[in-house]
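Accompanying notes for the structure given below.
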Amino acid sequence: MAEASETPTGASIDRSERPGRVGLLLFLAALLVGAALSLSFVAPERAQPLILLLLALLGMAGVFFLFAMAIGAVQFSGQGARNDLTKAMADTAADGLVVVEDDGRILYANESYLLLAGGDSFADLKPVERLFVGAPEVSEAIYRLAQAARDGRAASEEVRVSPPPAGGRDFGWYRIRVRSLARPNGRTATLWTIADVTHERERQENVFQELQHAIDYLDHAPAGFLSIDPEGAVIYMNATLAAWLGHDLAQVGSGGLRLADVVSPNIAAMMTSVAATSGDVRTETFDVDLRRRSGQPLPVRLYHRVAFGQDGRPGASRTLVLNRSPGEDVDEGQRAAEVRFARFFNATPIAIATVNRAGRVVRSNGSFARLFGMLPRTGANGEGRSIVETVAERDRERIAAALASVAEGRGELPPMDLALAGEPSRSARLWLSPANEGEAEAEGEAAILYGLDISEQRQLEQQFAQAQKMQAVGQLAGGVAHDFNNVLQAIIGYSDLLLANHRPTDPSFQDIMQIKQNANRAASLVRQLLAFSRRQTMRPEVLNLGDVLSDLSMLLKRLLGERVELDLRHGRDLWFVKADVNQFEQVVVNLAVNARDAMPDGGKVTIRTANVSAPEAAALNLQGLPTAELVMIEVSDTGTGIPPEVMDKIFEPFFTTKEVGKGTGLGLSTVFGIVKQSNGFIYVDSGVGQGTSFRVFLPRHIPTAEEEEIRAEPEVKKPATDLTGQGVILLVEDEDPVRAVNARALSARGYTVLEAASGVEALQIIQARQEPVDLVVSDVVMPEMDGPTLLGELRKLHPDLKVIFVSGYAEDAFRKNLPEGEEFNFLAKPFSLKQLVEAVKQAVAE
């Protein structure tokens, strides 16, 4: 194998093949000479076979060598043996190529690299690290490339070298690439590629300079330019318009400036309402006010152009802005009048438009576009969209008849309240008046339309009417419940007296029990009425709703029956709430029973609990739901659903869709009252044939240390005790039957009972006595003087007097009428005589 050649400058140099070894050649020659000399010392008859054997071996080696050359397994080293197409391409490449072994020895360099490096042999050829030196940024780039080569990565850098290695210029730009090469001998090498990109960079700089000139011209043009994307972001604004508005150009295009920052909502709706067919380009002209950064208006004329893609979606706008401030136009009077009209026309909250005889819009303002979501869309026949299409189907005949009447000159019509198409909750009040003759008729304008969005007003009216209705029914229900409670109190009290005098074996015992059981049943209906009117007595306690539902699951399964599946899904780490456990169980039972009745053929009831964080509550976007931490209880079914015409009435008392005798209509009204009295919220989602879902939200309660201790204590049932006692009891009750039966029960237990039919009479009895009574048992609602007022007068005479209030209303309903911190006991009507005697004995003992 021959030594690699070294050629003059302008040709490539290569020593990538291994050079020949002279020592090995001398060794082979000495070996052959030694073999020949050794044969001279051997007898001729014995040397002849050895000579023949040696010649045979040499002949065989020659034959194998010829075959190896024929198949290309053996090649001579040097350029002559490796002058193939690949090497020719590398040698003549325009980019400089140099291959460096991992020990820093240069293996190959093509002609371009030799010209760049100025070397003609390996001895004086500079490697890339020595070739590109000078500024720190150049050395850092070369270091990064060398590091990438050592890590086996490909990398590329562009450097500016002054002066360049090849000379002849002040500076040069070079793109340097590096990558690793794997060699057949297992070693690695690094290929450096150096491309001179000075001319490319110069072209880029020229283009950039031209672009800068164009931008400078556009920025300082005498007119404003604006571009808005379909989402309302300002993606371009020239310096002229930015100066007019007082905005910083750095905000534009970075998401810091939006259309709503420079125009009013009406104008924004008008500009974004431009529409056209696929592939079309629309240009609209608007005389509007832009909003300066200081808040001052800037009257302008906009030429707003929007191109639409093949999919019908609008692209970014190209908007020309002409300043119409004083002094900008030639005809100052006309300009000022047009600006004032455009400002009034577009800034008014009333939607204004002119329509032709067919009801199609000819002109409109920003409020009209915001209310109806459209602008005049002139087609090939000069007509736009019809106003009739923007209202709901049921109101289209009314507006069409009104348009015909105005077009015929019958005068102005009374305003019409119409529902808008697409959204049933949105409605508008429209006024129609005939357009003036002359120029209006020439332009096809037959009527002027004025519109006002009354969606929020209608919703408030409906909510107010519903609230008044529910409040009136609640007051009626509360009043009926109070009077009925007194009747039931007497029935239950006398039933208890009769039962105390009859043995279970007496024939009348069962009849008396039936009277008491039906009275208690009526009392449960009264409690439902009080729950709806939010006047029932609540005993709130700290609850974990998951535990309550688990305890209630067996009862729910019995209530739902075999054909209805119950699925309880407990939320993880459920927060505590503060509610009356019995009332909460009634809410769940009522909702579950309603769900069962909605699935006559069977189905599934799912009860789910979950924590709702404040951000999640805000994201639900439910009307009236506060942004706070809540606990949700959801009861959903797979039943028939609730029709839309029934949805607004489901919480009304005595409203039911069940057959006569199968429902009282108090179930959901009771649920509504309990939830509201617990400071909660209830919402319903339903679709006919898709089932119904009730969601109850209760505020999260963080228990105090004392409440945690009470919850941890096991419940201990009190054993039966002696109910007899001694003391003077003042019984104040305006209902004679109730007062009489209560007095008999207390007297039978050993107490001395003083009776009063009103608060005034009770006060007279106390004043007539020289010493205070042991206990006052008083009704709350009485004529002349109610219970809280009586207590206030008694406290003046006897500050330590003990009091038990009895009422069918909730304790909180009258506590607000008492002084702060006032202590008293409470007994909810209707109650049994045993409950009365227990409460009296406990109060006297305290």
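The values are calculated or read from the model by the stated rules, or taken from the named source; none is laboratory data. Remember, it's a predicted structure, so these values are computed and weren't measured experimentally. Methodologically, a virtual Cβ is constructed for each residue, glycine included, from the backbone with ideal geometry; neighbour enumeration extends over all protein chains shown. With ligands, DNA and RNA removed, areas are computed over all heavy atoms of the protein, side chains included. Shrake-Rupley method; radii C 1.70, N 1.55, O 1.52, S 1.80 Å.
So, for the range 596-647, what is the accessible surface per residue at a probe of 1.4 Å, expressed in square angstrom?
Accessible surface, normalised per residue, equals 47 Å².
What's the extension gain from V207 to K557 if we count 0.36 nm per residue and subtract their Cα-Cα distance?
Details: separation 350, 0.36 × 350 = 126.00 nm, distance 8.02 nm.
Full extension from V207 to K557 adds 118.0 nm.
Note the full-extension length gain between D567 and A135 as 0.36 nm times their separation in residues minus their Cα-Cα distance, in nm to one decimal.
Once the chain is fully extended between D567 and A135, it gains 148.0 nm.
With a 1.4 Å probe and all protein chains kept in place, how do Y174, Y236, Y143, Y683 rank by accessible area, largest first?
Largest accessible area first, the list is Y143, Y236, Y683, Y174.
Collect residues whose amide H, placed 1.01 Å from N in the peptide plane, falls under 5 Å from the amide H of A221; neighbours closer than 5 in sequence don't count.
T240
Based on the Cβ-Cβ distance of A618 and Q457, what FRET efficiency does E = 1/(1 + (r/R0)^6) give at R0 = 25 Å, to the nearest 0.05?
Rounded to the nearest 0.05, the efficiency is 0.50.
Please find the FRET efficiency linking R183 to A30, where r is the Cβ-Cβ separation and R0 is fixed at 22 Å, and quote it to the nearest 0.05.
0.10
May I ask for the net charge around G571, where only other residues with Cβ less than 11 Å from the Cβ of G571 are counted and Lys, Arg are +1 while Asp, Glu are -1?
The answer is +1.
Calculated FRET efficiency, A93 and R293, Cβ-Cβ r, R0 51 Å, to nearest 0.05?
Result of the calculation: an efficiency of 0.30.
Can you put K796, K87, K516 in order of accessible area, largest first, using a 1.4 Å probe?
I get K796, K516, K87, largest accessible area first.
Which ³J(HN,Hα) values, rounded to whole Hz and listed in residue order, are derived for the range 397-408 from phi using the Karplus coefficients 6.51, -1.76 and 1.60 in 6.51 cos²θ - 1.76 cosθ + 1.60 with θ = phi - 60°, glycine and proline given as x?
Residue by residue, the range 397-408 yields 5, 5, 6, 5, 5, 5, 4, 5, 5, 5, 4, 7 Hz.
Modelled label-to-label distance, E541 and E585, 7 Å Cα→beta-carbon offset: nm?
It works out to 1.0 nm between the two label points.
Just add up the charged neighbours of A316: K/R +1, D/E -1, any other residue whose Cβ is under 12 Å from the Cβ of A316.
Residues close to A316 contribute a combined charge of +1.
Need one word for the range 210-276: rounded, prolate or oblate. Basis is the Cα gyration tensor (sqrt eigenvalues a ≥ b ≥ c); a/c below 1.5 gives rounded, then a/b vs b/c decides. Don't jump to the answer; show the numbers that get you there.
Working: a/c = 1.95, a/b = 1.72, b/c = 1.13.
Note, shape of the range 210-276 comes out prolate.
Within a Cβ distance under 9 Å of I607, other residues only, what is the Lys/Arg minus Asp/Glu net charge?
0
For A56 and T348, calculate 0.36 nm times their separation in residues minus their Cα-Cα distance, and state this gained length in nm to one decimal.
93.5 nm
Which ³J(HN,Hα) values in Hz, rounded to whole numbers, follow from the phi angles of the range 739-745 under the Karplus curve 6.51 cos²θ - 1.76 cosθ + 1.60, where θ = phi - 60° and Gly and Pro get x?
My calculation for the range 739-745 gives 5, 5, 5, 5, 5, 5, 5 Hz in order.
Rg to Rh for the range 539-605: what is it, with Cα atoms only and Rh by Kirkwood?
Reported Rg/Rh (Cα atoms, Kirkwood Rh): 1.01.
Quick one: if you stick a label point 7 Å off each Cα along the C-beta vector at R398 and S433, how many nm between them?
Modelled inter-label distance: 2.1 nm.
Given a 1.4 Å probe and every protein chain left where it sits, what share in percent of the accessible area of the range 138-267 is carbon and sulfur?
Roughly 53 percent of what the probe reaches on the range 138-267 is carbon or sulfur.
Place the peptides 743-749, 446-452 in order of packing, highest mean first, counting for every residue the other Cβ atoms within 10 Å and averaging per peptide. Can you show the working numbers first?
On the way: 743-749: 17.9, 446-452: 21.1.
In decreasing order of mean packing, 743-749, 446-452 become 446-452, 743-749.
Run the 1.4 Å probe and let me know the accessible area of R458, rounded to the nearest 10 Å².
Only protein atoms counted, so the area is about 80 Å².
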